[in-house]
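Here's the structure we're looking at; comments come further down.
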There are 2 protein chains.
Amino acid sequence: MKKYHAKIIAFYRKAKRMPSYGEIARLLGFKSKNAAYKLVVKMVEAGLVAKDSSGKIIPKRIFGETRVLGTVEAGFPSPAEEELIDTITLDEYLIKNKEATYMLKVSGDSMIDAGIKPGDIVLVERNKPPKNGDIVIAEVDGNWTMKYLRKSGRQITLAPGNKKFKPIVPEDELNIAAVVTAVVRKY
Amino acid sequence: MKKYHAKIIAFYRKAKRMPSYGEIARLLGFKSKNAAYKLVVKMVEAGLVAKDSSGKIIPKRIFGETRVLGTVEAGFPSPAEEELIDTITLDEYLIKNKEATYMLKVSGDSMIDAGIKPGDIVLVERNKPPKNGDIVIAEVDGNWTMKYLRKSGRQITLAPGNKKFKPIVPEDELNIAAVVTAVVRKY
DNA sequence: ATTATAGGTGAACCATCGTTCACTTGTCAA
DNA sequence: TTGACAAGTGAACGATGGTTCACCTATAAT
């Protein structure tokens, strides 16, 4: 059963859709669609997949998602526990407004005390009202930067997350294009 | 045409699959499947979607993915340029070996100088041979921690990314469970 | 005024769809 | 040995799939 599951996942990854019953039969070497049908019924009962109103198979979370464990201190669960683990896609987890979200690469170390290093990717959301303390992407006097937004009364300051740099008080124009909603780093 | 595109994306997000031609017609208010068929032909020509060997519609990158811009300094492109932007899913970007990758929440600030703060999520890959300098999840003398792995000859040290903590030289047992492959932070 | 051309209608084609039913296995427990 | 049961076969059903063809507007270009 687990071997079957893996093959269906492979199909889904390649075809970007779930297979039909005939395709499952072909995939697993069954000579009858009904064998595939019964298999899918079992998988639905096991919570691995679901069916929509027209009977088509739709993938559940397990397909192409990442397992969420506890904290570092908790260590790794045993295989028996693993079945209870929650799963989620990174996109679902990190992005609320998909249409307005973009990825930007970070260069420079002006936010390093905020844990944002050069080479990191930040997810930014456009058209989001910036709040005090948010990290924003802004155009100040012709240059694009990423900084903390500090509001105190009418006064607006762009503060770096690095003691070596000085806060910027915009003179001519301040254009806040986006708010940083997440940071991502790949090793 | 853009309005149509948006509705099809919405269908895909809900149903987790691309609609059939009949469904597209219903979705867009057409009274004939053929209107949908011709629309899809245009979308294929425009590179928005593709078809597999059986004629079924498969989504292209634009569906459900995140746009990748340049660096922070480059700022935001104009709407005209946006059409040329590359897109990717975060899962594709961050995860190489899906079956062996897990998410762990970070607690404690022992890796803060490495830009990993409490509350961050780390992606860890199991069964990956750890190299010198990698950040690893390890069980040392009964406790789970996240540290830099330092090898020098036969000597193995677990070094924190925080000057306030001291490196750990494992005494009894050292069990390296996983290697950190990415860090993710949500604001 | 005439001619293209893009966008939609309506019907038809066969293949495949999901689903059901009756039947044949093999396996393991009682 | 018998019975129960899980797993696969094979055929059938109406519905829906992708595709094609002929036809019908509009709107814009010539």
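Values quoted throughout were computed directly from the atomic coordinates according to the rules given, and no laboratory measurement underlies them. Note that the structure is a prediction, hence the values are computed from the model and not measured. Positions of Cβ are generated from backbone atoms using ideal geometry, with glycine treated the same way; all protein chains shown enter the neighbour counts.
Side notes on the structure shown:
- For segment A:50-57, 3J(HN,Hα) computed residue by residue from phi via the Karplus equation (6.51, -1.76, 1.60; θ = phi - 60°) reads 9, 10, 8, 5, 8, x, 5, 7 Hz, glycine and proline entered as x.
- What the phi angles of segment A:116-131 give under the Karplus curve with 6.51, -1.76 and 1.60, with θ = phi - 60°, is a coupling list of 10, 9, x, x, 5, 10, 10, 8, 10, 10, 7, 6, 9, x, x, 9 Hz, glycine and proline written as x.
- Rounded to 10°, Cα long-axis angle of helix B:33-45 versus longest principal axis of chain B: 50 degrees
- Judged by the gyration tensor of its Cα atoms, with axes a ≥ b ≥ c, segment B:98-184 is oblate; a/c meets the 1.5 cut and b/c is at least as large as a/b.
- Using R0 = 30 Å, the C-beta based FRET efficiency linking residue A:5 and residue B:53 works out to 0.80.
- When you filter the trypsin sites (Lys or Arg not before Pro) in segment A:89-163 for DSSP loop state and at most 10 other Cβ atoms inside 10 Å of their Cβ, you are left with A:131, A:154, A:163.
- Inter-probe distance in nm under a simple model that places probes 7 Å from Cα toward Cβ, at residue A:175 and residue A:45: 6.2 nm
- Distances between placed amide hydrogens fall under 5 Å for residue B:147 paired with B:136, B:138, all partners being 5 or more residues away or on another chain.
- Counting only residues at least eight positions apart within a chain, or on another chain, the lysines with an alpha carbon under 19 Å from that of residue A:14 are A:2, A:3, A:56, A:60, B:16, B:51, B:56, B:60, B:96, B:98.
- Here residue B:155 and residue B:100 are evaluated by their C-beta separation; at R0 = 25 Å the FRET efficiency comes out at 0.35.
- GluC sites (Glu not before Pro) restricted to DSSP loop in segment A:139-175 with at most 14 other C-beta within 10 Å: A:171, A:173
- Added length on full extension, which subtracts the Cα-Cα distance from 0.36 nm per residue, residue B:131 to residue B:28: 31.7 nm
- Copy-to-copy label distances for residue A:10, where each label lies 7 Å from Cα along Cα-to-Cβ, are 3.9 nm in order of increasing length.
- Inverse mean reciprocal Cα-Cα distance (Kirkwood Rh) of chain B, Å: 20.5 Å
- Across the copies of the chain, residue B:55 has label points (7 Å from Cα along Cα→Cβ) spaced 1.9 nm apart, shortest distance listed first.
- Plainly put, the tip 7 Å out from Cα toward Cβ on residue A:139 is 5.5 nm from that tip on each other copy, the closest given first.
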